[in-house]
Every structure is written in structure tokens, then in C-alpha cells.
1. R0 = 41 Å: FRET efficiency of Leu160 with Ser20, Cβ-based, nearest 0.05?
2. Could you list which residues have their amide H under 5 Å from that of Val33, counting only those 5 or more apart in sequence or on another chain, with H placed in the peptide plane?
3. Taking the alpha-carbon set of segment 231-295, what are its Rg and Dmax in Å?
4. Strictly over 27 Å apart at the Cα level, which of Lys31/Lys56; Lys26/Lys230; Lys56/Lys230; Lys26/Lys56 would you flag in this model?
Amino acid sequence: MNLQSMTGFARAVAEHDGTSVAWEVKSVNGKSVEVRLRLPQGLERLEPAVRQTVQKRFARGNFQATLTISRAAGQQAQPVVNEAFLRDLAGLAKRLQEQFGVAPATADGLLSLRGVLDIPETTETEEARAALDSAISALEVALGGLEQARQGEGAALLSLLSGHIDAIEALTVRAEADPSREPTVIRERIAEQVRLLMDASANLDASRLHMEAAFLAAKADIREEIDRLKTHVASGRVLLAGGGAIGRKLDFLAQEFNRESNTLCSKSNAAAVTAIGLELKAVVDQFREQVQNLE
């Protein structure tokens with residue numbers, strides 16, 4: 001399965017017997033599937049079907065779908081003027097002007113009054129309604145285009161995320177192979193610290209001091225963090241290879257990467273390993289930032 005970004009846009013148009021149906025659909029990041037619709041008045045009955053269609057196709061994202069319908073001139077509903085009512089209103093306006101000096105009535109003002117101008121709703125036959133429903137299948141075409149757009153961005157994200165995981169693995173290997181982790185180097189560093197303390201105070205208990213030094217050395221060991229980082233790297237590659245809606249899983253994995261890099265920095269007793277840990281944290285932050293865009 002391909003990876004999908006949560007951002008994309010598509011448009012599809014269908015024509016039927018002088019009626020043009022156009023769908024515009026776009027999506028942005030979201031925790032789940034949320035759909036906002038803009039439908040022409042009188043077509044609210046389409047809302048449940050549109051929502052269901054989007055929810056079946058996508059796993060995450062905030063979606064907006066806009067439907068525009070344009071009919072040929074002969075199919076437009078013609079306005080109807082209540083001429084008798086308009087005549088009565090015009091006469092009343094003229095009398096008010098003559099008796100009280102009010103401003104003369106205007107044509108647009110009279111036509112805007114309730115009951116003067118009426119635009120009747122177009123009565124659709126069953127055949128016309130069926131044709132319109134068929135034309136609205138353009139929604140599937142628009143959603144297909146949106147899916148392709150999201151997959152295109154998903155392919156770019158796959159390349160970026162794979163590169164981040166490669167960088168995390170390389171830094172983990174560097175930390176593991178750093179000379180400061182060699183047992184002889186660790187022993188020499190601890191022995192030097194013990195000598196400095198013994199020289200500073202003759203009252204220190206040498207055996208107790210050696211025990212404390214051994215305890216601190218064990219506590220500073222980053223073997224477990226390195227092993228877990230390697231495991232997370234393998235898990236990340238499996239997820240990316242499998243594809244699909246893995247955004248939430250990768251976000252959790254990013255948290256695990258961050259936890260191990262933080263621990264590595266806090267336990268490090270060498271400047272070189274600390275520098276590797278800080279660089280690791282930067283890569284993990286980039287990884288997690290890109291994961292937020294993934295379905």
C-alpha cells in the first residue's frame with residue numbers, strides 16, 4: 001500500500017443535458033476523518049452519501065468538498081412578478097409621497113418587498129433527478145484525483161522519512177563505536193578521577209570510592225539505549241515498507257526515538273557521545289515533524 005500525505009486538492013466536472021456539475025475537494029492534516037460540505041440549496045439530501053464516500057476512501061484528514069451546479073439558460077427558473085400587488089404598492093407609495101413628502105419609491109425597492117417577486121423552485125422529474133445523481137458521480141473522480149495528489153506527496157514523505165531513519169541508524173552506530181565506550185578507556189577515566197579525589201583528601205575510603213565509581217560507570221552505560229534504537233530503526237523500516245495509514249504508528253515511534261536520544265544524552269560521560277546524542281535529537285525532531293503530515 002502507498003503512503004499518503006494528508007494534504008491535497010482535486011477538481012472534477014461532469015456534463016449532462018445542459019447541466020454542469022463540478023466538485024472541488026481538498027484535504028489538510030487532521031486526527032481523524034472530518035468532512036465539511038458546501039452544497040447548493042435543495043441538494044442537502046446528498047450530504048450523507050458524500051460523507052460516507054469520503055470516509056470509505058480515506059483514514060485521516062480534514063476534508064472540504066464543494067459542489068457547484070450550472071444549468072443552461074433554458075433550464076433556469078424564471079422570476080414571476082405579482083403585478084396586481086406591485087400596482088397597489090406603487091399607488092400607495094405615490095399617495096405617501098404626495099401627502100407626507102416622503103421620498104419616491106424606486107423599482108428595485110418595490111421588487112425587493114416580500115410577495116412582489118417570486119422565483120419558483122424548479123420541479124425536477126424523476127428522470128432529471130436520476131440524471132443529476134448520475135452526474136454527481138463526478139465526486140468519485142474528484143476523490144480519485146485527491147487520492148493521487150496525496151499519494152504523490154506521500155512518496156516524497158517516504159523518501160524523507162527513510163533518510164531520517166538511515167541517519168538515526170548511522171548516529172546509533174557511531175555512538176556504539178565511539179572510543180570513549182571502550183572498557184579500557186572507561187577504567188582509565190575512572191581511575192584518574194579516583195586518584196584526583198584521593199590526592200585531594202586522605203580521609204576518603206578507597207574501597208568505598210571504588211564501589212561508587214563502579215556503580216556510576218554501570219549507570220552511565222548506554223548499551224540498552226543503543227539496542228532499543230536499533231530495534232526502533234528496524235520497526236520504522238517495516239512500517240514504511242508496509243505502507244498504508246501508518247501516521248499514528250510512526251508518531252509513536254518518533255516518541256520512542258526521542259526518549260532514547262534524551263536518555264543517551266543524560267547518561268553520556270563523554271563529550272563525543274553527547275554530541276552524537278544532540279545530533280540524534282535533531283534528526284528525530286525532523287522525523288517527527290514530517291510524520292505529522294502522514295495519513
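Values in this text are rule-based calculations from the coordinates and carry no lab data. For clarity, every value in this text was computed on a predicted model and none was experimentally measured. So basically every Cβ, Gly included, is an ideal-geometry build from the backbone, and we count neighbours across all protein chains shown.
1. Details: r = 40 Å, r/R0 = 0.97.
For Leu160 and Ser20, the calculated efficiency is 0.55.
2. Long-range HN contacts for Val33: Gly61.
3. Every Cα atom of segment 231-295 included, Rg and Dmax give 13.0, 41 Å.
4. Values: Lys31/Lys56 16 Å; Lys26/Lys230 38 Å; Lys56/Lys230 36 Å; Lys26/Lys56 16 Å.
Pairs exceeding 27 Å: Lys26/Lys230; Lys56/Lys230.
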